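Bear in mind these aren't lab numbers, they're just calculated from the coordinates by the rules spelled out. Quick caveat: nothing in here was measured; it's all calculated off a predicted structure. Please note: Cβ atoms are built from the backbone with ideal geometry, for glycine as well, and neighbour counts cover all protein chains shown.
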Amino acid sequence: MTALRINGARLLERHKLMAGFGETGNGGVIRPALSDEETSARLALLNLARERGFACSVDPIGNLFIRRKGADEGRAPLRMGSHLDSQIPGGNFDGVYGVIAGFEVLETLEDHKVASDAPIEVVVWNNEEGARFSPTTMGSAVHAGQLSLDKALGSFDQDGNRLGDELARSLTQLGPLKSIELGSESLAYVEAHIEQGPILEQNEIPIGVVTGIQGIVQFEVRITGEEAHAGTTPRSRRKDAFWAALDLTAQLRSVTADKDDAIRFTVGRLTVLPGSPNTVPAKVAFTIDLRHPDEALLASVHTQIYQAAETLQTPCEISVITTLNSPPVCFAAKVISSIERQAAEVGLDTARIASGATHDAKFMAPLCPTGMIFIPCRDGISHNENEWADPEHMIAGANTLLGVITELTRA
Ligand code: HGY
Ligand code: MN
Ligand code: MN
Ligand code: MN
């Protein structure tokens, strides 16, 4: 019997289709969670699914589940997936590759009438990027019970739109969807994704077998001072929230400067209010994204951030809120070995690699046997419109995913 392979031309056609939703004209996309652009991408995928007779469901936080039925519909589904939302702007591969690779696996199984005992699903997680609504990996965190549904629905974007309202609006445009409960069980979960780093490309390895994901903590810092006239207020009388933010971030930058450059410390967003050139800033808000593979070190830097905020010499008030606190995870040995075996079946070299980026698979790891398949991306660029992956690698990753899913359904 010839080995089963995906339809590469169809995969690339789907990729082109998705790239049209929110395209910027500079090679990337702007497709924030629950925006019209992402909703159109979700609808396009759901319509393809409906044409194939796959069942389409949604959970209370807006995660989509596209199911190819199994012989025993009472069993927990074997799941693949990723996300369709992008950074602002973002590239054409982060997230979307894993969704279309998973969908292609479903279509290939359907084309070849491959029977499976358990159902097989592709999950489109809501708001993985966290670029519009914080925190990142929101949909999978709520699915896993690591973030409260109410808190997530009650989050706001920078324009004051509430996630719950945006979700309700988006769902009205997606056609008929079955509602399923939060936290439904999975038999296993496998996610295909670009590496978002340079290691695989530098070593000319087409398939990365992901061993785990480093820990991540995200914070929102709010500093409150007092508006004052820029011309008449001496420094000694100012409660200037901007300088407090600069002093605090400068202190944190030195606290997180480690000798092996392994601590990832990012201030990605900073807003200054009232934002007038001649009024002393009264309110500054900024985000912190902190990552490291060692849980204890991450926890100690987490504490140091709070201590620095508490002890900063400033007349302003400072509040620090942890919006995401997710320790490192290791993936399941059985999924890791299946990826290595199946890649070898397809004649592909592999290397084991830890993920610097976070993914929805992070929240699946404690729930069921979980793993990830990486493909290289050019110069390791991601969260950037120049993100790019070789079509050959896209096909190789999807064939490996097909092999792993076929193997795990037999397990
Ligand atoms: O932030 C991340 O690591 C993911 O790409 N959203
Ligand atoms: Mn991603
Ligand atoms: Mn991303
Ligand atoms: Mn004036």
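Output the pairs from 113/178; 69/113; 69/178; 178/334 with a Cα-Cα distance over 21 Å in this structure; if there are none, say none.
113/178; 178/334, as the Cα separations exceed 21 Å there.
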Estimated [θ] at 222 nm from DSSP helical runs (n ≥ 4, -39500 (n - 2.57)) normalised by residues in the chain, nearest 500: -10000 deg cm²/dmol
Residues of the range 231-271 with backbone N under 19 Å of the label point set 7 Å from the Cα of residue 321 along Cα→Cβ are 245, 267-271
Can you list the aspartates and glutamates whose alpha carbon sits under 14 Å from that of residue 151, skipping same-chain ones fewer than 8 residues off? 165
Going 7 Å from the Cα of residue 264 toward and past its Cβ, which residues in the range 20-59 have a backbone nitrogen under 19 Å from where you end up? none
Residues in the range 194-236, backbone N under 11 Å from the label point at residue 354 (7 Å along the Cα-to-beta-carbon vector): list them, ranges by number please. 211-215
Quick test of the membrane-span-like rule: which DSSP H helices of the chain reach at least 15 Å along their long axis (C-alpha atoms) with mean Kyte hydropathy at least 0.5? 96-111, 241-255
Report the trypsin sites (Lys or Arg not before Pro) located in the range 265-352 that are in a DSSP loop and have at most 13 other Cβ atoms inside 10 Å of their Cβ, or state none. none
So who's got an amide H within less than 5 Å of the one on residue 354, skipping anything under 5 residues away but keeping other chains? H placed 1.01 Å off N, in plane. 211
Once each part is reduced to its C-alpha centroid, what is the distance from the range 76-147 to the range 205-262 in angstrom? 32
Below 19 Å, Cα to Cα, which lysines can residue 239 reach? Residues fewer than 8 away in the same chain don't count. 283
Give the separation of the Cα centroids, the range 1-53 to the range 157-196, in Å. 16
Using θ = phi - 60° and Karplus 6.51 cos²θ - 1.76 cosθ + 1.60, couplings along the range 76-89 (whole Hz; Gly, Pro as x): 5, x, 8, 10, 10, x, 4, 9, 10, 6, 10, 5, 10, x
Relative contact order computed over the chain (Cα-Cα under 8 Å; 6+ residues apart), in percent: 23
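Kindly state, as a whole number, the per residue volume in cubic angstrom of the convex hull around the alpha carbon atoms of the range 215-326.
Residue-normalised Cα hull volume stands at 93 Å³.
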According to the square roots a ≥ b ≥ c of the eigenvalues of the Cα gyration tensor, what is the shape class of the range 361-400, taking rounded for a/c under 1.5, prolate for a/b larger than b/c otherwise, and oblate for the remainder? oblate
With a ≥ b ≥ c from the Cα gyration tensor eigenvalues, square-rooted, and the rule rounded for a/c under 1.5, otherwise prolate when a/b > b/c and oblate otherwise, the range 313-398 is oblate
Check each of the GluC sites (Glu not before Pro) in the range 164-213 and keep only those in coil by DSSP with at most 16 other C-beta atoms within 10 angstrom; list them in order. 181, 185, 204
How high is the relative contact order of the range 215-326, in percent, with contacts defined as C-alpha pairs under 8 Å that are six or more residues apart? 47
